[in-house]
Amino acid sequence: MNHSQEKVIVNFKKAQTHIAKVLQMLEAHEYCVDIMQQNLAVIGLLKSAHQMLMEDHLHHCFSNAMKTKNEQRKQDMVEEILKVTKIANK
């Protein structure tokens, strides 16, 4: 496991902890703004993890695909990136 993968895992684990906290706060009927702040922390961690995954993918998988002579593989890789980017921007 490389350093960037470790950072992604840390972000997901932190997000998981924050989600548990959000659920706990909801069940305890805590103040809405406090719950929303915890929720935003989760969203931030997930966005950060997504960005790290994207960067790693572009630097390795995508870069390697672009070096091949297989035009279909290159096109498929571009389509994958566009699809994930479109979903992320919804």
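Figures for the structure shown
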item: Subset of segment 73-90 [over 22 Å from Val10 (Cβ atoms), surrounded by 11 or more Cβ atoms within 10 Å (Cβ to Cβ) and within 14 Å of the chain's Cα centre (by Cα)]; result: Ile81
item: Residue among Val42, Val33 that is under 19 Å from the mean Cα position of the chain (by Cα) and either under 29 Å from His3 (Cα atoms) or surrounded by fewer than 12 Cβ atoms within 10 Å (Cβ to Cβ) (or both); result: Val42
item: Search result, residues across segment 1-31 that are at pLDDT below 95 and in a loop (DSSP other than H, G, I, E, B); result: Met1, Asn2
item: Members of segment 57-72 found to be part of a helix (DSSP H, G or I) and exposed (fewer than 14 other Cβ atoms within 10 Å of the Cβ), listed by number; result: Leu58, His59, His60, Cys61, Ser63, Asn64, Met66, Lys67, Glu71, Gln72
item: Yes/no for Glu6 being surrounded by 12 or more Cβ atoms within 10 Å (Cβ to Cβ) and of a type in the set (Asp, Glu); result: no
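The values are calculated or read from the model by the stated rules, or taken from the named source; none is laboratory data. This one's a predicted model, so the numbers in the text were calculated from it and none came from an experiment. Quick reminder, even Gly has a Cβ in these numbers, built from the backbone with ideal geometry, and neighbours come from all protein chains shown.
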